[in-house]
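Take a look at the structure below.
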Amino acid sequence: MTTQETQVQVPDLVFPTGFVWGAATSAYQIEGAVSEDGRGVSIWDTFVRQPGRVVNGENADVAIDHYHRYREDVETMAGLGLGAYRFSISWPRIQPDGTGPANAKGIDFYSRLVDELLSRGIDPWVTLYHWDLPQALENAGGWPSRDTARRFADYAALVHDALGDRVRNWSTVNEPWCAAFLGYASGEHAPGRREPAQALRAAHHLLLAHGLAVEAMRAQRSDTRIGGCVNLYAISPESEAEADLDAARRIDGLQNRFFLDALLKGAYPADVLEDFGAMADFAQDGDLDVISAPLDMLLINYYSRFTVSGKPGGAASAAAAPTDSGSPWVGSEHVSFVQGGRPVTAMGWEIDDSGLYELLVRLAREYPAVPLVISENGAAFDDVMTGDGTVRDYERRDYIAAHLRTCHAAIEAGVPLEGYFAWSLMDNFEWAWGYGKRFGLVHVDYETQVRVPKESALWYAETIRRGGLSGPAE
């Protein structure tokens, strides 16, 4: 028996009754059908057509064709016993130019998807924005423009009005850090701009968009549960040297505290604003009151730990970018990232479930009480389809098992954690990496579109059935 095939021995860990077991996807990564039924052009449609932006020049015009195969995909979810499915709405499918009335065919697609999920006993969790800004709004200034936040609130109201009678759980903006700093500072993501001061304005307006959307949705229904969604990292200094400690403070500030403090405390951290210097001129009076409207839950995406140094000569990011890009670390471009000696995924991301526990306990200790949900957690590995038609992705199984054990430990420690969504349900278009990195519980043959649940999916289904981790994972 190889090391990879060694059974994972775990104690009996039963999760609380009502704990949400789910999996997640995003619209641009799975839907395809980019020119069908009135859908407009998004910044990602434009970005993928620029030479050098995506590995192998790949695009998501077809992706995994979920737009046409959603019933098959819901059947797969039901077969795995998922209690919930987190998916995003394509803004240009609803408003092709980012303004105006809703495109009826776009609304109809998501309405049919919601009904299909409910018919199989799967709770739909809707994310309003997962990075596919209508190109027309980017042409008008994009997220650095304050008007984009207002347009987002209008869009949120349209979708919520159409689906709010059947969808209770909503999140607004997925990972505003990525949308702002990978999109407008490093240029690794759409729209591919490298303008640090504008990236800060984008980050603020993404948070403002969240707050304005919360206002608009709550004005329509009182029974909707709404959360913000942030991607958090545990941060460690390489050493106790003053430069390394300052580097950890800076990256924790820009990655974690900038967003958490705004959402949950109604203020940006003073030290982070000082790091920005003259660029910290993006907020207007009253903005943070809107941003920090009470949340029904906070959604957390967690993948890895960063180990950082303030000494020169290290890497500019935790893992190599797939294409040429600048630094996303506005005001802290000198900080370097080093390996901490842990195993890594196919993305080069270090595996550290202890970082998730650290973050969950920190949130419960340092911030106002709010229910928490792990809305993304998963890993890419070099999956291989064997001759018998199976994918023995034991590394992914072990990754998820370790993080679920951490979730259970956090709950035992008093953290109000209500659910877990694996990323991702299916292999898909992995942004600037194209199709070379697979995160899915379900394997997708990109030529035939055939779906095959991997070993991790079968294990996760059994975990859901048991209501926790019980006995060996095999």
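The values are calculated or read from the model by the stated rules, or taken from the named source; none is laboratory data. Because the structure is a prediction, the values reported are computed rather than measured. Here Cβ is always computed from backbone atoms with ideal geometry, including for glycine, and neighbour counts include all displayed protein chains. Note: areas computed on protein heavy atoms with side chains; ligands, DNA, RNA excluded. Shrake-Rupley method; radii C 1.70, N 1.55, O 1.52, S 1.80 Å.
Here are some notes:
- Surface composition of segment 296-448: carbon plus sulfur atoms contribute 52% of the solvent-accessible area (1.4 Å probe, protein chains only, all chains present).
- Computed 3J(HN,Hα) for segment 72-87, one whole-Hz value per residue from the Karplus formula 6.51 cos²θ - 1.76 cosθ + 1.60 where θ = phi - 60°, is 4, 5, 5, 4, 4, 4, 4, x, 8, x, 4, x, 8, 9, 9, 9, glycine and proline marked x.
- Antiparallel DSSP beta bridges within segment 1-134, as percent of all bridges there, nearest 5: 10
- Here the relative contact order of the chain, from alpha carbon pairs under 8 Å that lie six or more residues apart, stands at 19 percent.
- Taking the Cα centre of the chain as reference, the dipole from Cβ charges on Lys and Arg (+1) and Asp and Glu (-1) amounts to some 580 debye.
- Across 385, 279, the residue with the most accessible area heads the list, and the full order at a 1.4 Å probe is 385, 279.
- Computed per residue of the chain from DSSP H runs no shorter than four, each worth -39500 (n - 2.57), the mean residue ellipticity at 222 nm is -11000 deg cm²/dmol.
- Cα centroid of segment 398-419 to Cα centroid of segment 159-200, whole Å: 27
- Contour minus Cα-Cα distance for residue 61 and residue 296 (0.36 nm per residue): 81.1 nm
- The separation of segment 82-99 from segment 329-372, counted between C-alpha centres, amounts to 28 Å.
- The heavy atoms of residue 178 present about 10 square angstrom of accessible area, all protein chains included, probe 1.4 Å.
- Where [x] 0.99; [y] 0.93; [z] 1.11 are the candidate values, the label of the one calculated here for Rg/Rh (Cα atoms, Kirkwood Rh) is [y].
- Computed over protein heavy atoms with a 1.4 Å probe, the accessible surface of segment 13-79 works out to 39 Å² per residue.
- Close amide H contacts of residue 236 (hydrogens built in the peptide plane, cut-off under 5 Å, sequence separation of 5 or more or a different chain): 306, 307, 308.
- Carbon plus sulfur fraction of accessible area for segment 5-132, probe 1.4 Å, in percent: 50
- Cut-off 12 Å (backbone N to label point 7 Å along Cα→Cβ of residue 14), residues of segment 442-466: 466
- Of all DSSP-defined beta bridges confined to the chain, some 25% are antiparallel rather than parallel.
- Per-residue SASA remark: residue 105, around 120 Å² accessible (1.4 Å probe; ligands, DNA and RNA not included).
- Under 5 Å from the amide H of residue 428 lie the amide H atoms of 439, 440, each residue being 5 or more positions distant or on a separate chain, with H modelled from the backbone and absent for Pro and chain starts.
- Each 10 Å bin from zero up to the one holding the largest Cα-Cα distance in segment 85-243 carries the following percent of pairs: 11, 38, 31, 14, 4, 1.
- Protein accessible area in segment 148-208, 1.4 Å probe - carbon and sulfur %: 42
- Amide H contacts of residue 175 (H built 1.01 Å from N, in plane; Pro and chain starts excluded): 229, 230, 231 sit under 5 Å, all sequence-distant by 5 or more or on other chains.
- Of the chymotrypsin sites (Phe, Trp or Tyr not before Pro) found in segment 188-274, not one falls in a DSSP loop while having at most 15 other beta-carbon atoms within 10 Å.
- Accessible surface ranking for 115, 289, 1.4 angstrom probe, highest first: 289, 115.
- Under the Karplus curve 6.51 cos²θ - 1.76 cosθ + 1.60, θ = phi - 60°, whole-Hz ³J(HN,Hα) for segment 400-415, x wherever Gly or Pro sits: 5, 4, 4, 6, 5, 4, 5, 4, 5, 4, 5, 4, 4, 7, x, 6
- For segment 357-365, Karplus couplings with θ = phi - 60° (6.51, -1.76, 1.60), whole Hz, Gly/Pro x: 4, 4, 5, 5, 5, 4, 4, 5, 8
- Accessible area (Å², per residue) of segment 369-474, counting only protein heavy atoms and a probe of 1.4 Å: 32
- Placing R0 at 30 angstrom, the Cβ-Cβ distance between residue 265 and residue 241 gives a FRET efficiency of 0.50 after rounding to 0.05.
- Computed over protein heavy atoms with a 1.4 Å probe, the accessible surface of segment 195-354 works out to 37 Å² per residue.
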